[in-house]
Amino acid sequence: MSIYGRDPWGGPLEIAADSATDDERSRNFQDYDRAALSRTLDETQQSWLLGRTGEVKKKRYVDLGFIIVSRKIFIWTVGSLLAAGFLAGFITMIVKLVPRHHRPPPPEDNYTAALHDALMFFNAQRSGRLPKHNNVSWRGNSCMNDGEPNTPFQDLSGGYYDAGDAIKFHFPQAFSLTILSWSVIEYSGKYEAAGELNHIRDIIKWGTDYFLKTFNSTSDSINTLVAQVGSGDTSGGNPNDHYCWMRPEDIDYVRPVTKCSGCSDLASEMAAALASASIVFKDDRPYSQKLVHGARTLFKFARDQRGRYSAGSEAAIFYNSTGYWDEFIWGATWLYYATGNSSYLQLATAPGLAKHAGAFWGGPYYGVMSWDNKLPGAQLLLSRLRLFLSPGYPYEEILRMFHNQTSIYMCSFLPYYTSFNRTNGGLIELNHGAPQPLQYVVNAAFLSALFSDYMRAADIPGWYCGPQFYPVDVLREFSSTQINYILGRNPRKTSYVVGFGSRYPTHVHHRGASIPKNRKASCAGGWKWRDGPKPNPNVIRGAMVAGPDRHDGFRDVRTNYNYTEPTLAGNAGLVAALISLSSSGDGVGVDKNTMFSAVPPIFPNSPPPPAPWKP
């Protein structure tokens, strides 16, 4: 028995010595009969010895640099992407070419719609050479010669007429500009969303440009200020802005210029107007600084030369000032916000000044803001400082008192309290039933809505009136009900804003609106239009008239200014109230930061140490 087995081919397993090389053996295999060989070898042996009987295609690859992929996959991928791009482009083309109906924007709320009208009133009140974009067809250039010849005040053209006459009363005009500027600082986002930001900035600048003419605005110190242009005293029977009924464009009589040297109230209010406007125009640094310099000069004049501007003057008949202490606080507060100079804040929070202004006692008109009483606005402005910056010592005590006083007069606006009566229709009687109530109502509506927004921005849910807690929504509800009354939700179903709604006054006490544009009237010749029964030929759009009486009654007659005369101050408060309630810009709240753009970081001082102990 052999110790060697046989291999599968039938031969022994031992390796025979063979001198033939591998190549020779390979050639020898090729000489065999392949057919015979295939008959004697199984498939495995054939595949091993003979190799593949057919040629297989090699896979091709694409080198993309960062990865190698199959060419077939690459072609499919690129093709798919091209097809998807073509399809997307085709769909886009179809969408653009096929006509479609755009969804209309949501309708404006009543407050925004009325805002557009209310701002137009200021265009109708412009004096001087009018800009091309004034957009009041029946107005033209007027009183181009206002001024005092051969004096520094020889050019006093410009500014605004106060009401239905052609007098430029600077005291209420300055208050109006301050309120408008305040509303822009707080609600610039809403104005922009309503498309009125540039318009109201233009309105403010028209007034501030004029005020810079009324004193030496380039000087650091002055001793004279223009208080009024025009005259309204009819006791002498001479032609003037109240005796004559004629369009401002046709005025041919001399308009006197009234100056003052001791007019702290007027100078402080004008300083507030320029200082607040400087914040509105902070994006125009040269102009803003010009306004700040003028405000500083005016306020220094107010402090150095004390006196009431209306004392012994004609202005006492129309816009009598009862004091200047509230204007000191008001002006100093605005100058602090415009400059960041803490000396103005120290003055605004001086306890003696607050006491003189009546900040801590009541009275029938406590909390009623007007062109004569700036204290409620000043207290709210300083409450703003406490709510958002909290300067601490040494200001905290007086700021807390101002904040408390603000809370108190906000309580007096609510229907649950009896500080003020209401008409049967729901209008609050802030002037206790006296004529021309709406100018006070709109100011209260603005302040209450603004205080509500301050609390929201500070995450404060409400405030206390005595032991009773009220949510912030109560204040906005008060504002809304009062403005809604003015816009037509009242017993007469009459809007007191001309041009708004389907029913509004048509016999407005206004010279320019009551006389046809192409009819020139002499001084007394215009009385026929004043006393005639026909409606005004020109619609003074956006003018808020003086308002109803205490019984919700109203007489639409030109001869009774207590019902039908509009004013700058009244419309300024209306604009501020409307923008505070408007839902434009999705009802965004106040701008917390712009007011403080010039105020440096505040680090509360440490209180002084207690006095040493003495046994």
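Evaluate the following for Asn605: is it surrounded by 15 or more Cβ atoms within 10 Å (Cβ to Cβ) and polar (S, T, N, Q)? In short, no. Does the stretch 145-177 hold any residues that are of a type in the set (Phe, Trp, Tyr) and within 27 Å of Thr564 (Cβ to Cβ), and which are they? Of everything in the stretch 145-177, those that are of a type in the set (Phe, Trp, Tyr) and within 27 Å of Thr564 (Cβ to Cβ) turn out to be Tyr160, Tyr161, Phe169, Phe171, Phe175. Among the residues of the stretch 594-615, those that are closer than 30 Å to Gln289 by Cβ and of a type in the set (A, V, I, L, M, F, W, C) comprise Met595, Phe596, Ala598, Val599, Ile602, Phe603. The residues listed here are Ser181, Ser176; of these, the one that is in a helix (DSSP H, G or I), touching a residue at least 24 places away in the same chain (Cβ under 8 Å), in contact with a Leu (Cβ under 6 Å, 6 or more places away or on another chain) and crowded, with 24+ Cβ neighbours inside 10 Å is Ser176. Just checking, which of Gly195, Gly147, Gly140 is assigned to a loop (DSSP other than H, G, I, E, B), touching a strand residue (DSSP E or B) at 6+ places or on another chain (Cβ under 9 Å), among the small types (Gly, Ala, Ser) and open to solvent by 10 Å² or more (accessible area, probe 1.4 Å)? When all the criteria are applied, what remains is Gly147. Whether any residue in the stretch 224-233 is surrounded by fewer than 21 Cβ atoms within 10 Å (Cβ to Cβ) and either among the basic types (Lys, Arg) or modelled with pLDDT of 95 or more (or both) is what I want to check. Looking through the stretch 224-233, at least one residue is surrounded by fewer than 21 Cβ atoms within 10 Å (Cβ to Cβ) and either among the basic types (Lys, Arg) or modelled with pLDDT of 95 or more (or both).
Among the residues of the stretch 150-169, is there at least one that is within 20 Å of Ala302 (Cα to Cα) and open to solvent by less than 40 Å² (accessible area, probe 1.4 Å)? Within the stretch 150-169 (the criterion being within 20 Å of Ala302 (Cα to Cα) and open to solvent by less than 40 Å² (accessible area, probe 1.4 Å)), the answer is yes, since at least one residue qualifies. Filtering the stretch 406-416 to residues that are open to solvent by less than 70 Å² (accessible area, probe 1.4 Å) and in a loop (DSSP other than H, G, I, E, B) leaves Phe413, Leu414.
Taken together, Ala311, Ala338, Ala332, Ala357 contain a single residue that is under 15 Å from Ser264 (Cβ atoms) and crowded, with 24+ Cβ neighbours inside 10 Å, which is Ala332. Of all residues in the stretch 369-389, those satisfying the criterion of being open to solvent by 10 Å² or more (accessible area, probe 1.4 Å) and part of a loop (DSSP other than H, G, I, E, B) are Ser370, Trp371, Asp372, Asn373, Leu389. Screening the stretch 484-500 for residues that are touching a strand residue (DSSP E or B) at 6+ places or on another chain (Cβ under 8 Å) and over 22 Å from Ser137 (Cβ atoms) and picking the one that is surrounded by the fewest Cβ atoms within 10 Å (Cβ to Cβ) gives Leu487. Can you name the residue in the stretch 501-538 that is in a loop (DSSP other than H, G, I, E, B) and small (Gly, Ala, Ser) and is also most open to solvent (accessible area, probe 1.4 Å) among such residues? Step by step, filter the stretch 501-538, then rank; the result is Ser502. Restricted to the stretch 586-615, and to residues there that are over 26 Å from Arg285 (Cβ atoms) and small (Gly, Ala, Ser), the residue that is modelled with the lowest pLDDT is Gly587. Taking the listed residues Gly433, Gly425, the one that is at positive phi, part of a loop (DSSP other than H, G, I, E, B) and either buried (at least 19 other Cβ atoms within 10 Å of the Cβ) or not charged (D, E, K, R) (or both) is Gly433, with no other qualifying.
The values are calculated or read from the model by the stated rules, or taken from the named source; none is laboratory data. Predicted, not measured: the structure shown is a model, and the values here were computed from it. Neighbour counts run over all protein chains shown; Cβ positions are idealised from the backbone, glycine included. Ligands, DNA and RNA are excluded from the accessible area calculation, which covers all protein heavy atoms including side chains. Shrake-Rupley method; radii C 1.70, N 1.55, O 1.52, S 1.80 Å.
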